[in-house]
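The values are calculated or read from the model by the stated rules, or taken from the named source; none is laboratory data. Remember, it's a predicted structure, so these values are computed and weren't measured experimentally. Here the Cβ positions follow ideal geometry from the backbone for every residue, glycine too, while neighbour counts run over all protein chains shown.
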Amino acid sequence: MNGSIQPTLLVSAALFALGAIGFLTRRNLISVILSAEMMLHGVALAMVTFGKMHGNNEGQIFTIFILTVAACEAGLALALILSLYHRTKSLDMDLWSALREDDMPSPVGHDSSAGATQPDTHPVQPTLTPAGLPIDPKTPLTPQRPNREETATHV
Amino acid sequence: MSDQAQLILWLIPGAPLLAAGIIALLGKLFLGERSHVPCVAALAIAFGCSLVLLTKIVPTTFVSGLTSEAKVEADKQISFQPTDEQVITPQRGAIAKGYTFLDIGTMQVRVDLRADAIAAIMLAMVTGVSLLVAIFASGYMHGDPGYPRFFAAVSLFVFSMCMLVLSGNYIQLFAFWEAVGLCSYLLIGFWFKKPAAAAAAKKAFVVNRIGDFGLITGVFLIWKTFGSVDFQRVLFNPELIQKINEQHPGTIPTICLLLFIGAMGKSAQFPLHVWLPDAMEGPTPVSALIHAATMVTAGVYLVARSTPLFMMAPNVQLFVAGIGATTALISALIALTQYDLKRVMAYSTVSQLGFMFMALGAAAAGPKFANFAIMAAMFHLFTHAYFKALLFLASGSVMHSMGDVIDMRRFSGLRHVLPITHWTFLCGALALAGFPLLAGFWSKDDILAALAEGMHSSHGQFFTVIFAVAVLTALLTAFYTFRAYFMTFWGPEKFPEEAGHHPHDAPPAMAWPLRILAIFAIGVGFVGPLHLFSGYFEHTPGLPAAQEHGFHLGLMILSAFIALGGMAVAYKWYIKSPEIPAKLESGLRPLYALSQGKFFFDEIFTAIVVAPIRLIATICALFDKYILDGVVDSFGALPGFLSQAPRRLHGGLTPAYAATMLIAAIGCVVCVMQLFAGQ
Amino acid sequence: MNWIQHNWALLLPLVLGACGVWLMMPGARSIRPLGGLACLGALVLGFQLVAGSRDVSGSMFLVFASATLISAVLMITSRNPVYAALWFAVVTLGVCGLFLLQSAPFLAAATIIVYAGAIIVTFLFVIMLAQQAGTSSYDTSSRQPFCASVTAFTLLGLLLITFQSAAAQQTVDGARATEVAAANKALDVQMKVETLDIHKSSRPLPSEELGQMRGLGRSLFTDYLFAVEIGGTLLLIASIGAIALAPRRAQGTL
């Protein structure tokens, strides 16, 4: 035990580790994102401490940028979560493993998907509304080519 | 060399090249049915320039009034000059300076235009015939969807042919030798949607490759032996040739043999003659221009041009004569029984080329006779170009009016329906048969004379056989020419249904070239007996000194009788008593079948050349498919195999990836620790 | 074994903490009170580890640090995401307190505003929108809690060892540097000036200016101007992206 650890660094490292545990173990999408935010806190705290140790503002400026990126990340993550929730009516992360090889078994047990609907086979991709066009409540979310025959039968 | 002369020399190949460019770029979009205009205009310019070259430039650069000894002195003076452009003496011909095309080590290849007597004669013939053929084609090809393409290719061909003739070194000659081969390929396969035409084009190209291989090998050997490929240094340097021949006795005959193999390919000599009859799948003007008058004579030109080398290899010259005689006889025999009018003409062309090579080979009789023999070959080349082009164009005219039917059994008695075609065809046929006082008579007589002179040399027995073959072939020529004539134009009037009800004679664009060529076929031969041709030709550098030679009256009477005899037999068999051929056919069935089947050369080549190559190709294909592809595929399968284990890590669950990242982060931290521990 | 005996003070809280977190994780093997006790023990032992430092002397540090860590553990182990979000708010507050102690008052204020004021509120909105009634199966079970705890605490331990050796190194280096500086004072003046000219913002500031808005702002809008612009653009793009991603509803409905 030659030197002593900066105590704030100890706190920041512990925050990072705890956030990692949360990120790895929790299955609720929101908890996962919160854990990621907590890891960012750990890093920010370390940055500020390093800045103090060097006696300049650089660490704090870094932290400001971390804050910016964290805000962006939180916004996008929440939008994604809502859009995923829209698809499955569940916040369970284990439902989303489409990246795996087709012939591989599901990485989670079968019990996890109980009570939740599987993702759609033909998901509706999110699109931006074209500028200047009023949203017609009748039209579906994805822009589709107007089908004349269909319209005719409706009339 | 004045600037004007330079300009004229460059215009001869330049104008057709420009026309080819214009037609190729603008033809489809703007010119359309007027595509022949640039081509005809350029060829007219080239023809005019060739005439100026023939009459003005080349003669003025000759030394007049020099005795032959003085000429040799002049040769010596030239030969010891370095091959620099400035010091090439103007006496030997005209040279237009070009640019250095290749500069590799000691080899410097320039693109220059070098005109002397032989080249001037060739140019006048080439541009003249091609001008007439182009005019003819503007009528013949009318309405074809590939009209601009045709004239672009023809212009390109004339450019390449002029450059070939004007070459000042063997590399340039080889390059344009290939270029005319390419144009020939393009034009044989002009109707490339027709499988027969595509196959014929491929065949011509492949067979020519064999000859071209010989030629390029010969050129390499020349470069290795002489250290240069320039005509000036290689050909017109008798002492150097003499010295090399003494030091390396076998080299020059080898070079000559290789060059002759090249000539065999291009000039369709046995056994590489098989491509020429098939090349008739191209449009008829192409057959007339490329496969009768100009390109196929390039081999004759090459051998004549390389005379100084060939003079050192009498055995090769005997070989040349032997091949020429074989070709002439075999193709004449095949022509006897063919029913395709164009094919008869094609075999006739091969046969006449054989005559030319016989004459070239007759130079082996000795330096005394060499000049006359080569002159005879070039003279026959010159006259043959006119009357054979005429015959092909007239055949084309027949084809045109018969709705592209060319089988002689399906039409007859056309002389009243197609009067212009009939008369012009008759002129050509008479000239080809060697009717007295027409073009073919004089040139064939010269060849027979050259061969007869050979009989008095040390190779007398050999030349006796060759002479006998030549006389026999001349008889056969007269017979099959008039067989075709009588079958087509005499007998009862009969049209194929493709012709429609009223077959029409040639339109003016086709009629006038026919008339002009007919006049040439009748009259052009008189440059021979008047010593115009030989007097001009002997100015060609590198030829042995000319000897006086008189009229061979006995030979003339002989060849006149041969021609008349062949024609009479044809008349007797096909007009008077048409049952005789049928009787003969049944009586001599195997021989008849041999002739009808073209001596089965195609089948023999298929069996001994094509089949083994196909077998090898099949083996290679199997090797490629199962062994090479197997190796390559196993490389492709390797990553898939190697990834069997790691793909199990790829579960698709995001936290699993995060865990991997975390473990990697731990690894990083351990590394940093090691760094600190090391300090 | 020797190494473990030597470093027991470091290893014991790590092991204790790992066990505690594992026990507190939601799932079949969860024994929350025991886990909580273990975590508290680990916390106390961990503070013993840094007891020598002068920063720990202030009670403020102890308060903020314990609040942060305790609520962090509670956040990652809570079965209800609403509670998790609230615990996260406490973590944020604790971290801000630590920011204050590290002479970053502006940053502390900014973080509170951004996180507690905006992000957590948004989280709560989303939870309210998406949360089903009662606790769901995926909230009451966790994925591989033991492995995750071991991995993360291994990382923590390695980090701490690194910090420790770095601190030891610094002490030695500092001592040596003082000697060298004393020896070559005349030369060093020249050197120092050159070194300091390399980057203006890297120059150590007087402690009273550290973290002040004046200095931070000047630095941000001079030295880091482009980064600020890029950050602003990033925010804009992220908001557009969020609008594009969010599930759309028919007009007039919430």
Worksheet item: For the stretch B:568-662, list the helices (runs of 4 or more DSSP H) that sit wholly inside it and hold at least 2 residues that are closer than 30 Å to B:ALA484 by Cβ and touching a residue at least 60 places away in the same chain (Cβ under 8 Å); which are they?
Response: B:589-596, B:601-605
Worksheet item: Is at least one residue of the stretch B:398-409 part of a helix (DSSP H, G or I) and closer than 22 Å to B:PHE520 by Cα?
Response: yes
Item to complete: For residues that are of a type in the set (D, E, K, R), closer than 28 Å to C:GLY215 by Cβ and facing another protein chain (nearest Cβ under 7 Å), tally how many sit in the stretch A:53-94.
Response: 1
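Okay, residues lined up against (1) touching a residue at least 40 places away in the same chain (Cβ under 8 Å); (2) surrounded by fewer than 24 Cβ atoms within 10 Å (Cβ to Cβ); (3) closer than 14 Å to B:ALA304 by Cα:
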{"site": "B:MET356", "(1), (2), (3)": "yes, no, yes"}
{"site": "B:ALA363", "(1), (2), (3)": "yes, no, yes"}
{"site": "B:PHE379", "(1), (2), (3)": "yes, no, yes"}
{"site": "B:ASP404", "(1), (2), (3)": "yes, yes, no"}
{"site": "B:ILE420", "(1), (2), (3)": "yes, yes, no"}
{"site": "B:GLY434", "(1), (2), (3)": "yes, no, no"}
{"site": "B:GLY440", "(1), (2), (3)": "yes, no, no"}
Worksheet item: Among B:LEU302, B:LEU318, B:LEU329, which is under 15 Å from B:THR254 (Cα atoms), in a helix (DSSP H, G or I) and in contact with a helix residue (DSSP H, G or I) (Cβ under 8 Å, 6 or more places away or on another chain)?
Response: B:LEU318
Worksheet entry | Residue match in the stretch B:99-109 (condition: surrounded by 20 or more Cβ atoms within 10 Å (Cβ to Cβ), modelled with pLDDT under 90 and in contact with a Leu (Cβ under 9 Å, 6 or more places away or on another chain)) | yes
Fill in: Complete set of residues in the stretch B:529-542 that are surrounded by 14 or more Cβ atoms within 10 Å (Cβ to Cβ) and either touching a Lys or Arg at 6+ places or on another chain (Cβ under 6 Å) or modelled with pLDDT of 75 or more (or both)
B:PHE533, B:SER534, B:TYR536, B:PHE537, B:GLU538, B:HIS539, B:THR540, B:PRO541
Worksheet item: Are there any pairs with C-beta distances below 6 angstrom linking a residue in the stretch B:466-478 that is more than 21 Å from B:PHE319 (Cβ to Cβ) to a residue that is modelled with pLDDT under 90 and hydrophobic (A, V, I, L, M, F, W, C), with the two at least 6 apart or on different chains, and if so which?
Response: B:ALA474/B:ILE562; B:LEU475/B:ILE562; B:ALA478/B:ALA433; B:ALA478/B:ALA563; B:ALA478/B:MET567
Item to complete: Go through the stretch B:448-537 and tell me which helices (runs of 4 or more DSSP H), entirely inside it, have 2 or more residues that are under 25 Å from the mean Cα position of the chain (by Cα) and more than 22 Å from B:SER348 (Cβ to Cβ).
Response: B:532-537
Item to complete: Kindly indicate whether C:GLY58 is modelled with pLDDT of 90 or more, within 12 Å of chain A (Cβ to nearest Cβ), closer than 25 Å to A:ASN57 by Cα and touching a helix residue (DSSP H, G or I) at 6+ places or on another chain (Cβ under 8 Å).
Response: no
Discussion item. Being assigned to a helix (DSSP H, G or I) and under 29 Å from B:GLU497 (Cβ atoms) is true for just one of B:ARG415, B:ARG343. Which residue is that?
Written reply: B:ARG343
Fill in: In the stretch B:588-610, the residues that are loosely packed, with under 11 Cβ neighbours inside 10 Å and among the hydrophobic types (A, V, I, L, M, F, W, C)
B:ILE608
Worksheet item: Mind checking whether some residue in the stretch A:9-19 is of a type in the set (Ser, Thr, Tyr), closer than 20 Å to A:GLY59 by Cβ, modelled with pLDDT of 90 or more and assigned to a helix (DSSP H, G or I)?
Response: yes
